[in-house]
Amino acid sequence: MNNHTIGILGAAGNVGREAVRMMIAATEYPILLGGRKQEQLRSLFSEHETRINVMQVDVYDAEQLHQFCRSCTIVVNCAGPSKQMKDIIAVACLEQGVHYVDVSGDEHLYQLLLRRAHEIEAKNLVFLVSSGAYPGLSEILPAYTAVQYFDEVHQLEVFFAGQGGFSINAAYDIVCSIKDDTGMGMNYSHFGKAEKMTGAFHRSYELPPPAGLLDTYPILNSEFQRMADMYNIQSAYFYNTYPNKSVLNQFVMIKALKQYNTEAQKQASAATLTTLFHGSGQAADHYTMFYLTAVGSKDGRRVHLRGSLLYPHDWNALSGIVAAQAARLIAQGHSKKPGCFFVAEGIDVSAMMDGLIKYHQLELAVTECQQEVDYERT
C-alpha cells in the first residue's frame with residue numbers, strides 16, 4: 001500500500017498544483033514532478049521538499065518521458081493540450097508498467113487506449129481518463145447518488161455551473177471537442193442510448209446560491225451516457241449552464257462558422273474563450289457546483305431527491321483534486337479491476353466521494369423531497 005510513487009505532469013498549472021496539494025494532504029506517498037522548468041516546480045512546492053522530487057521532462061522527448069514513467073508507480077497527467085499529446089504519455093506508462101490517470105482525455109483518448117486494452121489488463125494496470133471535474137465528477141456524483149439512495153433511478157437531471165476561467169490549453173481542447181462533436185447537443189440518455197430531445201427542456205434554471213438563475217443547454221457526452229447505462233438510470237439529462245446567452249452564443253458561433261479548421265483558427269478560438277471567461281469575477285467569487293434532481297425507488301417506496309455539491313473555488317482546482325483522488329484510490333486498492341475506463345466506471349464512487357468531502361472544502365447536501373420533483377421544463 002505504501003510502496004507507491006505518484007508522478008504528476010503539468011504540476012505548474014492550476015490543475016496540477018491542486019493535484020500536488022491533494023496528494024500531500026491525503027497521502028504519505030513520495031511525489032515526483034515532471035516538467036521542463038525544474039526550478040519553477042521546486043519553488044512552487046519548496047515547503048514540501050522532503051516529499052517532492054523534480055525531474056526534467058519534455059513529454060515530447062521519448063527518453064525523458066520514459067525515464068520519468070519508470071520512476072513512478074502511478075502517473076497523473078495534468079498537462080495539455082490533450083488533443084495534441086493524444087496518447088503519448090499513456091503509451092509510455094503502458095510500456096513501463098505504470099498506472100495512468102488523465103485529468104482530461106475524453107472519448108478520443110479512451111478510444112485510442114481501447115485498442116491496447118488487452119495489454120493494459122495483462123499487465124494488471126488501471127488507466128483512467130476523463131478524471132477531472134467535467135467530465136469526471138459530473139459522472140461520479142450521479143453514480144454515487146444512484147448507489148447510495150436508490151435501488152432504481154427512473155429520471156435524473158444534472159446541472160453543471162461555475163465561475164472561473166480556462167487556460168489556453170483547456171480552451172484549445174474545448175475547441176477541438178467542438179470540431180469533433182464530442183458532446184451531442186439536445187440529446188439525453190434513455191435506457192443507455194442517446195436520444196434526441198423532442199419535448200420541452202430547461203432553457204434556464206434557478207440553482208441554489210451562489211449560482212442563481214442561469215441559462216442552460218442540454219448536452220450528452222460519452223462519459224455521462226456510459227454512466228447512466230452502467231447504473232441503470234432510465235432517463236438521464238445533463239445541462240451545461242451559462243451566465244448569459246452571449247457566452248452560449250460564442251460556442252455556437254465557433255461551431256456554425258467552423259472556426260477550427262486550421263491550427264491558426266483553433267488557437268484564435270481558444271484565445272477568444274479564455275478572454276470570454278477571464279475576469280468573470282474575482283478569484284474570491286469563483287465556485288463550482290453540481291446540482292441534481294432524481295426520481296426513483298428504494299426498498300419498495302418512491303424516492304424524490306435534490307442534491308448539490310459545492311466547491312468554493314474554480315473548476316480547474318477541482319479537476320486536479322479529482323484526478324489526484326483517483327490516483328490515491330488506485331494506490332489504496334479502490335479500483336474495480338484492471339483495464340481502461342472513464343473514471344466513474346473504474347473506481348469506487350463511494351470511496352471517491354468520501355475522500356473528496358473528507359480532505360477538501362466540498363459541501364454535499366442531499367434532501368428527500370416531500371412532493372414530486374417538478375420536471376416541467378421552462
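Are any of the residues in the range 291-304 out of contact with any helix residue (DSSP H, G or I) (no Cβ under 9 Å at 6 or more places or on another chain), acidic (Asp, Glu), assigned to a loop (DSSP other than H, G, I, E, B) and open to solvent by 20 Å² or more (accessible area, probe 1.4 Å)?
Applying the first criterion (out of contact with any helix residue (DSSP H, G or I) (no Cβ under 9 Å at 6 or more places or on another chain)) to the range 291-304 yields 291, 293, 295, 297, 299-302, 304.
Now narrow it down to the ones that are acidic (Asp, Glu): 299.
Of the ones still in play, those that are also assigned to a loop (DSSP other than H, G, I, E, B) are 299.
Those still in the list that are open to solvent by 20 Å² or more (accessible area, probe 1.4 Å) too: 299.
Yes, there is a match, as at least one residue in the range 291-304 is out of contact with any helix residue (DSSP H, G or I) (no Cβ under 9 Å at 6 or more places or on another chain), acidic (Asp, Glu), assigned to a loop (DSSP other than H, G, I, E, B) and open to solvent by 20 Å² or more (accessible area, probe 1.4 Å).
Quick check on my filter: what residues within the range 21-69 are under 24 Å from GLY97 (Cα atoms), basic (Lys, Arg) and either open to solvent by 70 Å² or more (accessible area, probe 1.4 Å) or not in a loop (DSSP other than H, G, I, E, B) (or both)?
The answer is ARG36, and nothing else.
Would you check if there is a residue in the range 105-112 being touching a residue at least 12 places away in the same chain (Cβ under 8 Å), open to solvent by less than 20 Å² (accessible area, probe 1.4 Å) and not in a helix (DSSP H, G or I)?
Yes; the residues of the range 105-112 include at least one that is touching a residue at least 12 places away in the same chain (Cβ under 8 Å), open to solvent by less than 20 Å² (accessible area, probe 1.4 Å) and not in a helix (DSSP H, G or I).
Name, by its number, the condition in (1) closer than 30 Å to LYS266 by Cβ; (2) open to solvent by 60 Å² or more (accessible area, probe 1.4 Å); (3) assigned to a helix (DSSP H, G or I) that does not hold for GLU18.
Going through (1) closer than 30 Å to LYS266 by Cβ; (2) open to solvent by 60 Å² or more (accessible area, probe 1.4 Å); (3) assigned to a helix (DSSP H, G or I) one by one, GLU18 breaks only (2).
Pick from the range 305-340 the residues that are touching a helix residue (DSSP H, G or I) at 6+ places or on another chain (Cβ under 7 Å) and part of a loop (DSSP other than H, G, I, E, B): which of them is surrounded by the fewest Cβ atoms within 10 Å (Cβ to Cβ)?
Among those that are touching a helix residue (DSSP H, G or I) at 6+ places or on another chain (Cβ under 7 Å) and part of a loop (DSSP other than H, G, I, E, B), it is LYS336.
For the range 149-167, check the following and say yes or no: at least one residue is within 27 Å of HIS304 (Cα to Cα), among the hydroxyl-bearing types (Ser, Thr, Tyr) and open to solvent by 40 Å² or more (accessible area, probe 1.4 Å).
Among the residues of the range 149-167, at least one is within 27 Å of HIS304 (Cα to Cα), among the hydroxyl-bearing types (Ser, Thr, Tyr) and open to solvent by 40 Å² or more (accessible area, probe 1.4 Å), which makes the answer yes.
Restricting attention to the range 157-164, does a residue exist that is out of contact with any helix residue (DSSP H, G or I) (no Cβ under 7 Å at 6 or more places or on another chain), of a type outside the set (S, T, N, Q) and closer than 19 Å to CYS340 by Cβ? Quick ask: steps written out before the conclusion?
Taking the range 157-164 and keeping what is out of contact with any helix residue (DSSP H, G or I) (no Cβ under 7 Å at 6 or more places or on another chain), we get 157, 159, 161.
Filter once more, so that each one left must be of a type outside the set (S, T, N, Q): 157, 159, 161.
Now drop any that are not closer than 19 Å to CYS340 by Cβ, which leaves none.
No; the residues of the range 157-164 include none that is out of contact with any helix residue (DSSP H, G or I) (no Cβ under 7 Å at 6 or more places or on another chain), of a type outside the set (S, T, N, Q) and closer than 19 Å to CYS340 by Cβ.
Every residue in the range 223-281 that is in contact (Cβ under 8 Å) with a residue 60 or more places away in the chain, of a type in the set (A, V, I, L, M, F, W, C) and either assigned to a helix (DSSP H, G or I) or touching a Lys or Arg at 6+ places or on another chain (Cβ under 7 Å) (or both), please.
Listed by number, the residues that qualify are PHE224, MET227, ALA228, MET230, PHE251, ILE254, ALA270, ALA271, LEU273, PHE277.
When you scan the range 193-202, how many residues do you find that are touching a residue at least 40 places away in the same chain (Cβ under 8 Å) and under 24 Å from the mean Cα position of the chain (by Cα)?
Summing the residues that are touching a residue at least 40 places away in the same chain (Cβ under 8 Å) and under 24 Å from the mean Cα position of the chain (by Cα) in the range 193-202 gives 1.
Write out, first by first residue and then by second, each pair whose Cβ atoms fall under 6 Å of each other, whose residues are 6+ apart or on separate chains, and whose first residue, in the range 65-85, is farther than 23 Å from GLN111 by Cα and small (Gly, Ala, Ser) while the second is surrounded by 19 or more Cβ atoms within 10 Å (Cβ to Cβ) and modelled with pLDDT of 90 or more.
Matching pairs, first to second residue: SER71/LEU32.
The values are calculated or read from the model by the stated rules, or taken from the named source; none is laboratory data. None of these values were measured; they are calculated from a predicted model. With ideal geometry, Cβ positions are generated from the backbone for all residues, glycine too; neighbour counts draw on all protein chains shown. For the accessible areas, the whole protein counts, side chains as well, though only heavy atoms, and no ligand, DNA or RNA atoms are used. Shrake-Rupley method; radii C 1.70, N 1.55, O 1.52, S 1.80 Å.
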